[in-house]
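The values are calculated or read from the model by the stated rules, or taken from the named source; none is laboratory data. All values reported here derive from a predicted model rather than from experimental measurement. Cβ atoms come from the backbone with ideal geometry, glycine included; neighbour counts cover every protein chain shown. For the accessible areas, the whole protein counts, side chains as well, though only heavy atoms, and no ligand, DNA or RNA atoms are used. Shrake-Rupley method; radii C 1.70, N 1.55, O 1.52, S 1.80 Å.
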Amino acid sequence: MKNVRESILELNWESFENLSPEKRGDLAKKILAAMTLEEKAEKMAGDDSFIHVIGMLIHYNKSPISAGNIEELGIPGIEFTDGPRGVVLNHSTCFPVSMARGATWDKELEIRIGNAIGIEAKSQGANFFGGVCINLLRHPAWGRAQETYGEDPYHLGEMGSALVQGVQQHIMACAKHYACNSIENTRFKLNVQIDERTLREVYLPHFKKCVDTNVASIMSAYNRVNGSYCGHNEHLLRDILKKDWNFQGFVITDFVFGIRDGKKAINAGVDIEMPYQWKMKPKKIVKWVGNGEISEDLIDDAVLRILRQEIKFAKKQDPEVYNSSTIVSEEHKMLALEAAQKSIVLLKNEHHFLPLKSSSLKKIVVIGQLATMKNLGDKGSSRVYPPYVVTPLEGIQKAVGEDIEVVYDNGKNLQKVKQVCMDADAVVIVVGFTYKEEGENMTFGGGDRDSLRLTEYDEHLILSLSEVFNNCIVVMEGGSAIITEKWRQNIPAILMVWYPGMEGGTALADLIFGKVNPSGKLPIVFPKNLEQLPHFDSKTKEIEYGYYHGYRLMDKEGYEPAFPFGYGLSYTTYTYKNLRLSKHKISPEESLEIKIDITNSGTIKGEEIAQLYIGYNNSSVDRPLRDLKGFARISLNSQETKTISLHLNPKDLSYYDSKTQKWVLEEITYSVYVGPSSQETDFLEATFEISTA
Ligand code: BGC
């Protein structure tokens, strides 16, 4: 008769696809029971050698990074690919960065992007996507701003969980970096002091939403929170994530310096050390269990968590779905284009300067080094290698064909530029940031931004050209907010294109010439100056994160931003009417339906992003003036009206009481604000009451 180990070895992992959660749990327990302590310990560590890790410095993640592959029992383990801009392995579709996708406010699109990422990853041998970055942007100087979706916990949760949904149609997804990771240069040392209410209400809800979407894994962050490294932080990992939120997946460390002490990490709730066995060497784990420093129950819990997810995602390697033709397929390229088109934000458009009418143009001048640069963003762990990139200049040249003269100038010699622009019908100035000034902190550059302004030279270039020519369009590239005060008033049209991915140049031209109507809206505030932002110091090892940042801070202090959160222009106009609530008094258990009619009152088709904010009247605690709690993107033909319907769950209006350690839903009157941005003047308003009486 076969022994248990032989029967485990003979399991066909591809047949697990349709197992119920109960059966998956039973199977995981059966496999666990057959494993030796040594094998369980192996399951908790990356398979890579130190030498291989050194190799990663040459071309990081060219092939999947394995962890917990137990050959003796035929247990496959995880095969990691990074993101979020696409699949980091080899050559894959390069989508716009997450911050750009945040500006689409399009959850359905994000699910489709996740789906494409899942297919491309699995087609290249990965079963785990480590690219759902949902750190809240506390300050726009954060070097890795481009990897996340924005500054608001509700919006971040919606976008992040959409990516999880899409990816997990195929492989496991991992949300990172848990938690409070938003200063890059000192990320290995930084201690973030934060009170419990701020942590729960501002820095964690988006992680909770991904957990509620059944994300398979969470990556702990490098930094410390309240004195303890995130990978050693029992409060974050065990109390909140695994107990309060009932997270069923497993925790991996951030790479190499994610933990400093294996024992502390396991006790705190880390399940896998990535990418190689260093602080959690299997031999040590066996020893710690042997001498009672770690209970074997903890090891069993960790391994069960990993096995349950691996069984759940042990889908068939169906060659019809997963094959090399899916990688940078026509369909995925079109998706990258759609995302770029929807993510570009038209910040300014005086006297309808844009779109340019091709029929009345003879000559366009395109200026700036970034116009010819394949500027995809950061070159750290999120770098994707697409087979081609359409630059802004190429996009414009392709759009106008032979009919219009397109002249390029790198902008280095001001006198020459002015000459070139003399008889131009439009001047497109492309400026902004690259992987050198912002991104993951690498030896060749990146890190936190030194300045939120353009370079002095670029500001001077813009000002000098705007003095002579009134037909300049400024196109800005970058991962987060740019301060434009010095020159904003002088320029009729400004576009924020972020790092728009491999089809970015095509998308830019589509917007400039009106083939596509702009629809992106800012997922972060663009401030007028640094004084409007919380304190940020990229050299600090100690910082306190307060309750307010971004638009909430602006609202609280009465600051007027350069461009508000949720703001973006279109070539058409929209009118909001008939705000109506399903009820004006609800019990804490009831949900509220909020309806509104939106009309495209202009002459061309467009897509509008409507936003719902909530205000708290007479709350017993300090609360934001307005809190984003819903949004919807709709497509409207000229003169068409549609009704949108948003649902509010009272639970989401609770505040966290640090004393009682409970969420409190107040029985007070709440204000409802619906409009096209977070700007006060734009809203339709109503109120409702929550009451048990
Ligand atoms: C980054 C993570 C990344 C990991 C693997 C770390 O340096 O912080 O975001 O997933 O490396 O490359």
Is at least one residue of the range 330-343 assigned to a loop (DSSP other than H, G, I, E, B), open to solvent by less than 40 Å² (accessible area, probe 1.4 Å) and at pLDDT 95 or above?
-> no
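Here is a yes/no grid of residues against (1) within 15 Å of the ligand (Cβ to nearest atom); (2) within 14 Å of Arg138 (Cβ to Cβ); (3) not acidic (Asp, Glu):
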position: His177; (1), (2), (3): yes, yes, yes
position: Cys180; (1), (2), (3): yes, yes, yes
position: Arg187; (1), (2), (3): yes, yes, yes
position: Glu196; (1), (2), (3): no, no, no
position: Arg200; (1), (2), (3): no, no, yes
Result of the Cβ filter at 6 Å on the range 628-657, keeping first residues that are free of Cβ contacts under 8 Å to residues at least 60 places away in the same chain and partners that are in a helix (DSSP H, G or I), at least 6 apart or interchain, is none
Among the residues of the range 381-406, how many are surrounded by 15 or more Cβ atoms within 10 Å (Cβ to Cβ) and either free of Cβ contacts under 8 Å to residues at least 12 places away in the same chain or more than 16 Å from the ligand (Cβ to nearest atom) (or both)?
-> 14
Could you list all residues from the range 25-48 that are open to solvent by less than 60 Å² (accessible area, probe 1.4 Å) and of a type in the set (A, V, I, L, M, F, W, C)?
-> Leu27, Ala28, Ile31, Leu32, Ala34, Met35, Leu37, Ala41, Met44, Ala45
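Let's see how each residue does on (1) touching a residue at least 12 places away in the same chain (Cβ under 8 Å); (2) under 29 Å from Gly125 (Cβ atoms); (3) among the hydrophobic types (A, V, I, L, M, F, W, C):
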residue	(1), (2), (3)
Gly292	no, no, no
Ser295	no, no, no
Glu310	yes, yes, no
Val321	yes, yes, yes
Thr326	yes, yes, no
Lys342	yes, no, no
Ser359	no, no, no
Criterion: of a type in the set (A, V, I, L, M, F, W, C), away from the ligand (no atom under 15 Å from the Cβ) and more than 30 Å from Glu544 (Cα to Cα) - qualifying residue of Val225, Val286 | Val286
Cβ-Cβ under 7 Å pairs, at least 6 apart or on other chains, the range 665-691 side hydrophobic (A, V, I, L, M, F, W, C), far side open to solvent by less than 10 Å² (accessible area, probe 1.4 Å) and not in a strand (DSSP E or B) = Leu665/Pro650; Leu665/Leu653; Ile690/Pro650
Can you find a residue in the range 312-327 that is within 30 Å of the chain's Cα centre (by Cα), modelled with pLDDT of 95 or more, within 16 Å of the ligand (Cβ to nearest atom) and not assigned by TED's automatic domain parsing to the domain that holds Pro676?
-> no
Arg308 fails exactly one of the following numbered conditions: (1) open to solvent by 20 Å² or more (accessible area, probe 1.4 Å); (2) assigned to a loop (DSSP other than H, G, I, E, B); (3) within 29 Å of Gly25 (Cβ to Cβ). What is the number of that condition?
-> (2)
Verdict on Ser123 being touching a Cys at 6+ places or on another chain (Cβ under 6 Å) and either away from the ligand (no atom under 16 Å from the Cβ) or over 23 Å from Ile272 (Cβ atoms) (or both) = no
Hits in the range 540-585 - residues which are among the aliphatic types (A, V, I, L, M), within 24 Å of Pro527 (Cα to Cα) and either assigned by TED's automatic domain parsing to the domain that holds Gly447 or touching a Ser or Thr at 6+ places or on another chain (Cβ under 9 Å) (or both) | Ile543, Leu553, Met554, Ala562
Have a look at Val132, Val164 and point out the one that is under 30 Å from Ile75 (Cβ atoms), in a helix (DSSP H, G or I) and either more than 16 Å from the ligand (Cβ to nearest atom) or not assigned by TED's automatic domain parsing to the domain that holds Glu437 (or both).
-> Val164
Residues Ile491, Ile512: which one is in contact with a helix residue (DSSP H, G or I) (Cβ under 8 Å, 6 or more places away or on another chain), farther than 30 Å from Cys94 by Cα and buried (at least 21 other Cβ atoms within 10 Å of the Cβ)?
-> Ile491
Starting from residues that are under 14 Å from Gly439 (Cβ atoms) and either open to solvent by 10 Å² or more (accessible area, probe 1.4 Å) or not hydroxyl-bearing (Ser, Thr, Tyr) (or both), keep the ones in the range 141-152 and report whichever is farthest from the ligand (Cβ to nearest atom).
-> Ala141
Any residue in the range 124-143 that's over 16 Å from Ser382 (Cβ atoms): show its pairings with residues that are within 16 Å of the ligand (Cβ to nearest atom) and among the hydroxyl-bearing types (Ser, Thr, Tyr) at Cβ separation under 6 Å, as long as the two are six or more apart or on different chains.
-> Arg138/Ser182
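For (1) part of a loop (DSSP other than H, G, I, E, B); (2) in contact (Cβ under 8 Å) with a residue 40 or more places away in the chain; (3) surrounded by fewer than 22 Cβ atoms within 10 Å (Cβ to Cβ), each residue gets a yes or a no:
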{"residue": "Glu560", "(1), (2), (3)": "yes, no, yes"}
{"residue": "Gly566", "(1), (2), (3)": "yes, yes, no"}
{"residue": "Tyr571", "(1), (2), (3)": "yes, yes, yes"}
{"residue": "Arg580", "(1), (2), (3)": "no, yes, yes"}
{"residue": "Lys583", "(1), (2), (3)": "yes, yes, yes"}
{"residue": "Glu590", "(1), (2), (3)": "yes, yes, yes"}
{"residue": "Glu608", "(1), (2), (3)": "no, yes, no"}
May I ask you to list the residues in the range 441-470 that are surrounded by 14 or more Cβ atoms within 10 Å (Cβ to Cβ) and either touching a residue at least 60 places away in the same chain (Cβ under 8 Å) or over 30 Å from Gln419 (Cα atoms) (or both)?
-> Asn441, Met442, Gly445, Gly446, Gly447, Asp448, Arg449, Leu452, Asp458, Leu461, Leu465
What are the residue pairs meeting all of these: first residue in the range 157-185, first residue on the phi > 0 side of the Ramachandran plot, second residue modelled with pLDDT of 95 or more and more than 16 Å from the ligand (Cβ to nearest atom), Cβ atoms under 7 Å, and 6 or more apart or on different chains?
-> Cys180/Ile194; Cys180/Tyr203; Cys180/Tyr545
Go over the candidates Ile70, Ile65, Ile51, Ile78 one by one and state the one that is open to solvent by less than 20 Å² (accessible area, probe 1.4 Å), among the β-branched types (Val, Ile, Thr) and more than 19 Å from Gly131 (Cβ to Cβ).
-> Ile70
Hey, among the residues in the range 561-586 that are among the β-branched types (Val, Ile, Thr) and out of contact with any helix residue (DSSP H, G or I) (no Cβ under 7 Å at 6 or more places or on another chain), which one's nearest to Pro518 (Cα to Cα)?
-> Thr572
Taking Leu612, is it buried (at least 21 other Cβ atoms within 10 Å of the Cβ) and farther than 24 Å from His351 by Cβ?
-> yes
Lone unmet requirement of (1) closer than 20 Å to Ile240 by Cβ; (2) touching a His at 6+ places or on another chain (Cβ under 9 Å) for Cys174 | (2)
If a residue has to be among the hydrophobic types (A, V, I, L, M, F, W, C) and under 22 Å from Asn12 (Cβ atoms) to count, how many in the range 24-53 make the cut?
-> 7
